Amino acid sequence: MFMSINVTAARRRKSLLRFGAVAALAAFAFGIVAGCEETPARDFAVEGEAWKAAIAEAYERNDSLDNYRFEGSITAADGGRTPSASGALLPTIEGGIAWSGVLYREPARLEADVRVGANGGEGARTFPMLAQDGLFYISVPPVNKPDEYFVIDLAKARTENDPLPIEPLLNAADAFDDLARTLVARIAPEWVRAAEADAPASPLRFVVDVTDENAEPVAAAVREAYADWAASLPPELGANAFGLSDESLRLLPGGTIVIALDEAGYVVDQRVELPFADGTATANEADSSATFSYAFRLTEPNGSPDMTRSVPENVIPFENVLAFLAAGGGAAAP
């Protein structure tokens, strides 16, 4: 009798345990369903509009900067298929172009190095330059000797019919820094996302990922944005010679555009990596793709970074060079 009671009690406990497990599972499932019903689907287009507005505001904040340190680069690795900008100051960018330095806006001061062929190779050249006290100094290898600079009076260069586009070159600095800004402005908001690692209320990093789903509309935005960006540069630079604005441009999945802000709200890091292919490629060229890479990093915003380059002592007035050329080289070299 005692054993029968124990067996009956044990069976009841097992039944209760089973019932409890089933009830818990049902409650868990109900919770999932209820949670799904309560959480509305994310509207990435609406979120993207907010992120694009935040990015635009950050760029406007950058426009107010008086001084900062910068470094940037632009490269197209495409196996030699990039069209060459014949006669332009900006050569084919397959070898890479990099720039770095310090900029002050008021009064205007600049020290920078521009490296053409930054990825290495026999044709690599570095052009050191300095703008200070209304004068612009630049050393052009191999024309100039080591530590020798041309000097140009900026006031004269702005008023005279100068064959060397100094003013456009100086103005190009801001335009080169704005490529990612132009791209994101053209891209539809649903593809602009805040990085998940950042706080949702105040994201500091925004990303556009190129996928199978959005490769075509993003490519159309890139074509338009690159054409706008190239048009903002002096035509002497030949930026429009590169084929990112071609109608045949086809982006490949895996590309990314990243814009990062610092805690003060300045855009401090911009990166663009866009693998692409020519949509008109033949069957033999179908596997041949290019990668357009662009990066710009800003540090010490309004931090009064040190300018370390001294005014060159060994200088040649560029107007002497122009006079020499105008005389057909008949006069003594400066």
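The values are calculated or read from the model by the stated rules, or taken from the named source; none is laboratory data. The structure presented is a predicted model; accordingly, all values stated were derived computationally and were not measured. Please note: Cβ atoms are built from the backbone with ideal geometry, for glycine as well, and neighbour counts cover all protein chains shown. Heavy atoms of the whole protein, side chains included, go into the accessibility calculation; ligands, DNA and RNA do not. Shrake-Rupley method; radii C 1.70, N 1.55, O 1.52, S 1.80 Å.
Within segment 225-238, residues that are within 19 Å of L249 (Cα to Cα) sit with their Cβ atoms under 6 Å from residues that are open to solvent by 40 Å² or more (accessible area, probe 1.4 Å) and at pLDDT 70 or above, at 6+ positions apart or across chains, in these pairs: A225/R186.
Quick test for you: out of E148, E167, pick the one residue that is at pLDDT 80 or above and either of a type outside the set (S, T, N, Q) or closer than 27 Å to Y294 by Cα (or both). Working first, answer last.
Working: E167 fails: at pLDDT 80 or above.
Being at pLDDT 80 or above and either of a type outside the set (S, T, N, Q) or closer than 27 Å to Y294 by Cα (or both) holds for just one of E148, E167, which is E148.
Within segment 207-228, being at pLDDT below 85 and either among the hydrophobic types (A, V, I, L, M, F, W, C) or not in a helix (DSSP H, G or I) (or both) holds for one residue alone: A227.
A185 - would you say it is surrounded by fewer than 18 Cβ atoms within 10 Å (Cβ to Cβ), aliphatic (A, V, I, L, M) and at pLDDT below 90? Judged against the criteria, A185 is not a match. Close contacts from segment 92-109, counting a first residue that is of a type in the set (D, E) and surrounded by fewer than 15 Cβ atoms within 10 Å (Cβ to Cβ) and a second that is at pLDDT 85 or above and not in a helix (DSSP H, G or I), with Cβ to Cβ under 8 Å and a gap of 6+ residues or different chains, come to E106/D66. Just name the residue that is modelled with the lowest pLDDT out of those in segment 12-70 that are in contact with an Asp or Glu (Cβ under 8 Å, 6 or more places away or on another chain) and open to solvent by 60 Å² or more (accessible area, probe 1.4 Å). It comes out as F44.
Please state which one of T256, T291, T280 is among the polar types (S, T, N, Q), surrounded by fewer than 18 Cβ atoms within 10 Å (Cβ to Cβ), at pLDDT below 65 and more than 29 Å from P107 (Cα to Cα). It would help to see each step written out before you state the result.
Numbers: T256 fails: at pLDDT below 65; T291 fails: at pLDDT below 65.
The conditions single out T280.
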